Amino acid sequence: MGEGVLSIVFNAQDMARTKIQESADPMWELVFSVHRLQTKVGYLNHLDWHRQVRHDIRAAGLAPLLRSTLLPLMPLSFYFPDFLTPSTGPGEIEEMIDTISDTPRVQIRRQMETMIAEGTSLPAWTADLAAGQPAARRHLSEGLQRYFDVAVRPHWPTIGRRVAEHRLVRQTGVLQDGMSSLLTELSPSTRWHPPVLQVHGYPRDQRLVLRGRGITLIPSYFCQGSPVALANPALEPILVYPAPREDSSTIDAEPSPDSVDVLLGRTRAAILRAASLGTSTTELARCTGTSPATASHHTAILRNAGLLTSHRVGKQILHRTTDLGRRLSGA
């Protein structure tokens, strides 16, 4: 870990435009999974994955591809090229690979030159990639797809569940306490000193001024250590950070009613439990001792957080707790 600091400078408009990406990002997970294969740091956090993926890579005959194609482009170092993680928002890996394949030649060449300047030794085939040769682009695209299908896709349900659960908790905190609470608790290596978010552990000091663009925060299953931003500050601002990893007993344990009340607030927790079988706004208000307007306000917040669904039946609106909401509330 380096001793530098990435300083991300916010203004009021940036705070309003900052968001948590709604799902895991396939290319960032691919890149960080390749990083996990290059170090024992954080090994225990992905122990089952390590055991399975090394067997699967050998069985699929992917070791030569990994050594010759992916490891050189995704070194566990200060810099790897931005074009490998296009800012397309959440989507399918195939769409992202197509975007990578369509990267302008000049952009690839400049980023390859940056890698060399940072001390990375690149194999001969990357010269054809930098020159825009179709065969080299196909080679990279096919390599990314094959590796994802073997090393990442089989684990995607686990990745998606971890990221979704993390996002839900953070989103609920934002609804209750505002965006500053999210930035304050983002990562052990970050410090929120308004209006600057400091990311410690960078090889050298850097500064990213958002200038009203906001920033997309991307929780990641395979990211380890300090959060990572795109190297080029002119690109759409993103910050990828590790989603907290809990042991399986903690993840599977049923939350206690008291802990749910603290997390959501007593009224929202009561609404979640009362809506487990489908309940009208008026009935929710009666059960929780609030007015219908107050009950409606809380159901909107819970609905936006993915804990509740609402459907109109005749003149009434019936609210029902989602699976995630039932699990969280213990209903």
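The number of residues in segment 33-56 that are closer than 23 Å to ILE100 by Cα and assigned to a helix (DSSP H, G or I) comes to 4. Is one or more of the residues making up segment 21-29 among the charged types (D, E, K, R), outside the structural domain of GLN224 (by TED's automatic domain parsing) and touching a Leu at 6+ places or on another chain (Cβ under 8 Å)? No - not one qualifying residue is present in segment 21-29. From the residues in segment 300-325 that are in contact with a Lys or Arg (Cβ under 9 Å, 6 or more places away or on another chain) and in a helix (DSSP H, G or I), which one is nearest to LEU168 (Cα to Cα)? The extreme case among them is LEU302. Residues being among the hydrophobic types (A, V, I, L, M, F, W, C), modelled with pLDDT of 90 or more and assigned to a loop (DSSP other than H, G, I, E, B) are entirely absent from segment 246-259. Scanning segment 272-286 for residues that are of a type in the set (S, T, N, Q), surrounded by fewer than 19 Cβ atoms within 10 Å (Cβ to Cβ) and in contact (Cβ under 8 Å) with a residue 40 or more places away in the chain yields one hit, SER276.
Given the options LEU6, LEU30, LEU66, LEU70, name the one that is under 28 Å from SER181 (Cα atoms), in contact (Cβ under 8 Å) with a residue 12 or more places away in the chain and not in a loop (DSSP other than H, G, I, E, B). Unique residue meeting the criteria: LEU6.
The values are calculated or read from the model by the stated rules, or taken from the named source; none is laboratory data. Source: prediction; values computed, not measured. Every residue, glycine as well, gets a Cβ built from its backbone with ideal geometry; the counts of neighbours run over all protein chains shown.
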